[in-house]
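Asker: Provided herewith is a single structure, encoded as structure tokens, for subsequent inquiry.
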Amino acid sequence: MCLGVPMKIIVIEGTTATVEMANVRQECDLSLSPGAKVGDYVIVHAGFAIEILDEEDARETLELLDQIGFDTGRGS
């Protein structure tokens, strides 16, 4: 099973974003989410931002991941 996780966009250069979760930064491609901007949360799967989330949905998803033991870096 694959899991897409919410990550916050820190920097955008062209169609590549630097995203962060749990103090881990990585690059992802924004081609599938062209409206994404710095500060947005996106669902990242296989190196692509596949969906833009509002902050409330991102926090709810991160909380659920915390509950099942996924390390989101939120200390829950």
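The values are calculated or read from the model by the stated rules, or taken from the named source; none is laboratory data. Note that the structure is a prediction, hence the values are computed from the model and not measured. Cβ atoms come from the backbone with ideal geometry, glycine included; neighbour counts cover every protein chain shown.
Asker: Name, by its number, the condition in (1) part of a loop (DSSP other than H, G, I, E, B); (2) aliphatic (A, V, I, L, M); (3) without any contact (Cβ under 8 Å) to a residue 24 or more places away in the chain that does not hold for VAL38.
Answerer: So VAL38 meets the others, but not (3).
Asker: Would you be able to tell me the number of residues in segment 19-32 that are touching a strand residue (DSSP E or B) at 6+ places or on another chain (Cβ under 7 Å) and either at pLDDT below 95 or under 11 Å from VAL44 (Cβ atoms) (or both)?
Answerer: Matching residues across segment 19-32 total 9.
Asker: How many residues are touching a residue at least 24 places away in the same chain (Cβ under 8 Å) and in contact with a Leu (Cβ under 6 Å, 6 or more places away or on another chain) when one looks only at segment 41-53?
Answerer: So the answer is 3.
Asker: Hey, another quick one. Could you please give the count of residues in segment 5-20 that are surrounded by fewer than 16 Cβ atoms within 10 Å (Cβ to Cβ), under 29 Å from ILE68 (Cα atoms) and not hydrophobic (A, V, I, L, M, F, W, C)?
Answerer: Adding up the residues that qualify gives 1.
Asker: For ALA46, are the conditions met, namely being crowded, with 19+ Cβ neighbours inside 10 Å and either among the small types (Gly, Ala, Ser) or at positive phi (or both)?
Answerer: So ALA46 does not fit the description; no.
Asker: Scan segment 1-35 for residues that are free of Cβ contacts under 8 Å to residues at least 24 places away in the same chain and in contact with a Lys or Arg (Cβ under 9 Å, 6 or more places away or on another chain) and jot them down.
Answerer: THR18, GLU20
Asker: Okay, moving on. Suppose we keep only residues that are in a strand (DSSP E or B) and more than 11 Å from VAL44 (Cβ to Cβ) within segment 1-17. Which one would you say is farthest from the chain's Cα centre (by Cα)? Don't jump to the end; show me each part of the working.
Answerer: From segment 1-17, those in a strand (DSSP E or B) are 5-13, 16-17; that's our starting set.
In the following step, the residues that additionally are more than 11 Å from VAL44 (Cβ to Cβ) were identified as 10-13, 16.
On the way: ILE10: 10, VAL11: 12, ILE12: 13, GLU13: 16, THR16: 13 Å.
Taking the candidates together, the pick is GLU13.
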